[in-house]
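Notes for the one structure printed next.
The values are calculated or read from the model by the stated rules, or taken from the named source; none is laboratory data. Only a predicted model underlies this, so the values are computations on that prediction, with no experimental measurement involved. Glycine gets a Cβ as well: all are built from the backbone with ideal geometry, and neighbour counts include every protein chain shown.
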Amino acid sequence: MVFTGTIHLRTRGDTDIHDITDAVAQIVAQSGMSDGIVCIFSPSSTSGITTLEYESGAIADLKRTFEELVPQDREYRHNLRWGDGNGHSHVRAALLGPSVSLPLIEGRLRLGTWQQIIFVDFDNRPRHRELVVQIVGR
Ligand code: ZN
């Protein structure tokens, strides 16, 4: 069986990091399913999804790492072409990836104790985001 849910988020942009673990768990509960694969996907080219220990130190470290790897104040050909100033957002999103898949076992997401699911908005302005959560299993 397949169940599909949606998560709505308002974000500030600029590598804004949200813990979406509870929202995903709510959709799993709604589905009534106990075992399978849960895929969380962001249909966007300036955001990404992964897991992290959601605490202020790790959040700051991840933000700094993205600024070091893909600085905002570099010249991006995307910006020269489109003038929207978010060339760094697209590159960061591509590196992080738009989705994560997690095992659902006996009705619970099989996450580690200190592992939360995070959504990261890299765009250079506030956005309204709609994430897709699709569960395949039984
Ligand atoms: Zn753009």
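Table: residues versus (1) of a type in the set (Asp, Glu); (2) under 21 Å from Pro126 (Cα atoms); (3) touching a strand residue (DSSP E or B) at 6+ places or on another chain (Cβ under 6 Å).
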position	(1), (2), (3)
Asp19	yes, yes, yes
Ser42	no, yes, yes
Thr46	no, yes, no
Thr51	no, no, yes
Ser89	no, yes, no
Ala94	no, yes, no
Practice task
Please go through segment 1-16 and pick out each residue that is closer than 23 Å to Arg64 by Cβ and surrounded by 18 or more Cβ atoms within 10 Å (Cβ to Cβ).
Solution key: Thr11, Thr15, Asp16
Completion exercise
Conditions (1) over 11 Å from the mean Cα position of the chain (by Cα); (2) modelled with pLDDT of 95 or more -> Ser44 fails only (1)
Fill in the blank from the handout: Exactly one of Gly48, Gly83, Gly97 is at positive phi and touching a residue at least 12 places away in the same chain (Cβ under 8 Å), and that one is Gly97
Exercise for the section: Could you check how many residues of segment 67-95 are in contact with a Ser or Thr (Cβ under 8 Å, 6 or more places away or on another chain) and over 10 Å from Thr46 (Cα atoms)? Expected result: 1
Practice task
Of the conditions (1) surrounded by 13 or more Cβ atoms within 10 Å (Cβ to Cβ); (2) hydrophobic (A, V, I, L, M, F, W, C); (3) closer than 23 Å to Gly112 by Cβ, Ile37 clears all except one; give me its number.
Solution key: (1)
Completion exercise
Scanning segment 78-123 residue by residue, those closer than 23 Å to His8 by Cβ and either among the polar types (S, T, N, Q) or part of a loop (DSSP other than H, G, I, E, B) (or both) turn out to be Asn86, Ser89, Gly97, Pro98, Ser99, Ser101, Leu111, Gln116, Phe122, Asp123
Practice task
For Ile27, state whether it is buried (at least 18 other Cβ atoms within 10 Å of the Cβ) and of a type in the set (Val, Ile, Thr).
Solution key: yes
Problem - Within segment 85-126, tally of residues that are over 13 Å from the mean Cα position of the chain (by Cα) and surrounded by fewer than 15 Cβ atoms within 10 Å (Cβ to Cβ) - result: 12
Fill in the blank from the handout: Val70 passes all but one of the listed conditions (1) closer than 25 Å to Ala23 by Cα; (2) among the aliphatic types (A, V, I, L, M); (3) surrounded by 13 or more Cβ atoms within 10 Å (Cβ to Cβ); the exception is number (1)
Practice task
Could you please give the count of residues in segment 77-114 that are within 11 Å of the ligand (Cβ to nearest atom) and polar (S, T, N, Q)?
Solution key: 3
Handout entry: Exclusive hit being in contact with a Lys or Arg (Cβ under 9 Å, 6 or more places away or on another chain), farther than 30 Å from Phe3 by Cα and not hydrophobic (A, V, I, L, M, F, W, C), set Gly83, Gly48, Gly87
Key = Gly87
